[in-house]
1. Need the failing condition index for Val115 against (1) in the same structural domain as Leu169 (by TED's automatic domain parsing); (2) more than 11 Å from ligand 1 (Cβ to nearest atom); (3) outside any strand (DSSP E or B), just the number.
2. Being more than 16 Å from ligand 3 (Cβ to nearest atom), more than 26 Å from Gly164 (Cα to Cα) and surrounded by fewer than 21 Cβ atoms within 10 Å (Cβ to Cβ) is the requirement here; does Ala398 meet it?
3. Criterion first (within 18 Å of Phe41 (Cβ to Cβ), within 16 Å of ligand 1 (Cβ to nearest atom) and at pLDDT below 95) does Gln437 satisfy it?
4. Taking Thr78 and the conditions (1) touching a strand residue (DSSP E or B) at 6+ places or on another chain (Cβ under 7 Å); (2) buried (at least 20 other Cβ atoms within 10 Å of the Cβ); (3) under 30 Å from Ala222 (Cα atoms), which numbered condition does it fall short on, given that it satisfies the others?
5. In the range 440-474, which residue that is closer than 22 Å to Gly79 by Cα and among the aliphatic types (A, V, I, L, M) is surrounded by the most Cβ atoms within 10 Å (Cβ to Cβ)?
6. Does the range 354-371 contain at least one residue that is within 14 Å of ligand 3 (Cβ to nearest atom), in contact with a His (Cβ under 8 Å, 6 or more places away or on another chain), closer than 18 Å to Glu258 by Cα and outside the structural domain of Ala291 (by TED's automatic domain parsing)?
7. Of all residues in the range 414-444, count the ones that are over 20 Å from the mean Cα position of the chain (by Cα) and assigned by TED's automatic domain parsing to the domain that holds Leu372.
8. (1) of a type outside the set (S, T, N, Q); (2) under 22 Å from Gly224 (Cβ atoms); (3) within 15 Å of ligand 3 (Cβ to nearest atom): which one isn't true of Phe135, the others all being true?
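The values are calculated or read from the model by the stated rules, or taken from the named source; none is laboratory data. Everything numeric here is computed off the predicted structure, so don't read it as measured data. We place every Cβ from the backbone using ideal geometry, glycine too, and count neighbours over all the protein chains shown.
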Amino acid sequence: MTFDSVSWLEQARALIGPAHVLSEAGGDDVSAHTRDWRGKFQGRALAVLRPGSTAEVQALVRLAARSGVALVPQGGNTGLCGASVPTADGLQAVLQLGRLNRVREIDAENNTATVEAGCILQTLQEQAAAAGRLFPLSLGAEGSCQIGGNIATNAGGVQVLRYGNMRELVLGLEVVLPDGECLDLLRGLRKDNTGYDLKQLFIGAEGTLGIITAATVKLFAAPGAQAVAFAGVSSIAQAVRLLGALRGHLGERFTAFELISGPAVALVRQYFPETPAPLSGDWPWYVLMEAADGGSDEVLREALQTALMACLEDGCLEDVALAGNLAQAQTLWTLRENITHAQQLDGSNIKHDVSLPISRIAGFVEQMLAQLPQAFAGARPIVYGHLGDGNLHFNVSAPPGVAPDAWQRQTEAVNQLLHDAVVALRGSISAEHGIGQLKRDEMALYKTAAELAVMRRIKQALDPQGLMNPGKVL
Ligand code: FAD
Ligand code: MLT
Ligand code: ZN
């Protein structure tokens with residue numbers, strides 16, 4: 001039997017309303033949903049479906065299951081591994097969750113929020129703040145990424161050091177399973193040992209096991225005070241010593257510790273010339289750090305300054321500047337968040353997102369900085385990331401004069417050099433961005449046969465027709 005796309009689109013329109021079914025065939029511009037944020041993966045969609053409720057998601061999933069149409073769940077489409085866009089054959093439908101965007105409840109006493117999957121991360125942060133609470137997940141794409149996408153990627157970001165990544169922030173989920181049934185796991189409990197913890201399956205699954213429609217997440221007391229500093233260090237080993245020392249000085253108040261290489265700072269200042277030099281001297285490495293607590297800015301700033309002076313005396317840093325107010329703190333954070341954009345403007349780079357035991361990071365980076373130029377003459381490493389979590393973005397920009405396509409063709413070889421070393425040190429080839437299409441084949445090289453077999457069994461058990469974001473992860 002041939003597939004009748006016209007009739008399929010009619011059925012979808014009948015379920016969620018014609019205005020919410022977009023298609024190229026219907027003359028709609030769907031380009032924002034078929035190309036990934038980096039412009040690395042270009043797909044085509046049978047349709048972009050925009051349901052407005054969990055019941056509508058269920059109806060669409062049932063339609064897809066009856067007709068054998070694969071669904072690609074999509075949030076803000078800010079993912080960096082090609083997981084949120086359809087394949088090029090035009091046979092998959094994008095299920096865009098943006099209309100499910102309500103914050104259903106903020107339970108201030110329980111310190112939880114129940115929020116729909118399409119809610120933009122920044123909106124949840126703002127609503128939590130209005131209730132005197134903090135939702136701590138924070139990342140450069142927070143103005144457009146959505147909670148469902150954050151959960152499906154187990155997003156990390158810049159506050160993981162203190163609050164953990166998305167998995168640690170999720171207490172409950174509502175998920176539409178591949179057969180259309182709704183699994184209601186929306187509990188706001190911090191303790192619950194009643195059998196398998198099913199929600200964990202969907203966190204970080206990149207939409208391959210079901211559609212997340214809502215979540216109950218943890219909130220925290222809103223910090224009254226914030227203190228930010230920028231330090232210059234002469235090596236990563238010194239930055240690691242600084243991390244250990246500050247843990248001791250700041251304890252629970254320590255919220256962020258981001259490593260930024262000298263070339264990464266230079267790149268941001270090249271593409272965003274309004275960026276001031278963070279320190280008077282130049283250093284090979286820098287650290288952006290933050291502390292927060294419920295007291296006053298002045299007292300916290302003083303505590304951070306005292307800690308940093310002790311670190312200077314102990315040889316854990318070379319130079320440091322403390323942000324004197326919120327605007328200065330924001331300027332430093334903007335420098336950090338603009339690295340991704342500067343690299344995008346700079347042209348072709350091969351992105352990495354690795355994690356290692358913190359004790360092994362300095363050795364790994366030194367080894368790579370020595371080996372890369374030998375293997376790829378002129379390649380420019382742009383290294384930065386969440387050193388406090390053992391997670392580095394060891395990106396490699398094209399040598400001057402090498403065309404983007406030619407550099408991208410080196411991806412496999414560059415990845416092999418880096419990832420073999422990472423795995424030999426018992427690290428991970430993806431700490432936060434995920435597998436998607438980008439690292440699917442590579443993941444299969446590094447996971448054991450037993451790990452892959454269990455993953456396939458779980459996929460088969462939940463999605464026997466293989467209609468949930470096929471071609472991603474596995
Ligand atoms: P999408 O890109 O739309 O989707 C991502 C994955 O989730 C796909 O597999 C998709 O199918 C699935 N998905 C989406 N919604 C659902 C749902 N409701 N149910 C089931 N599956 C779903 N990531 C970090 O971890 N840390 C960072 O610091 C960070 N910084 C970034 C900075 C910039 C400038 C950019 C562009 C990206 C950054 N990212 C970062 C990557 C990205 O923002 C995160 O992966 C984010 O969590 C993706 O959310 P999204 O809503 O855009 O999801
Ligand atoms: C970051 O830490 O800035 C993000 O993970 C995005 C990126 O690596 O580009
Ligand atoms: Zn990151």
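1. Failed condition: (3).
2. no
3. no
4. Of (1) touching a strand residue (DSSP E or B) at 6+ places or on another chain (Cβ under 7 Å); (2) buried (at least 20 other Cβ atoms within 10 Å of the Cβ); (3) under 30 Å from Ala222 (Cα atoms), only one is false for Thr78: (1).
5. Within the range 440-474, the match that is surrounded by the most Cβ atoms within 10 Å (Cβ to Cβ) is Met468.
6. yes
7. 10
8. So Phe135 meets the others, but not (3).
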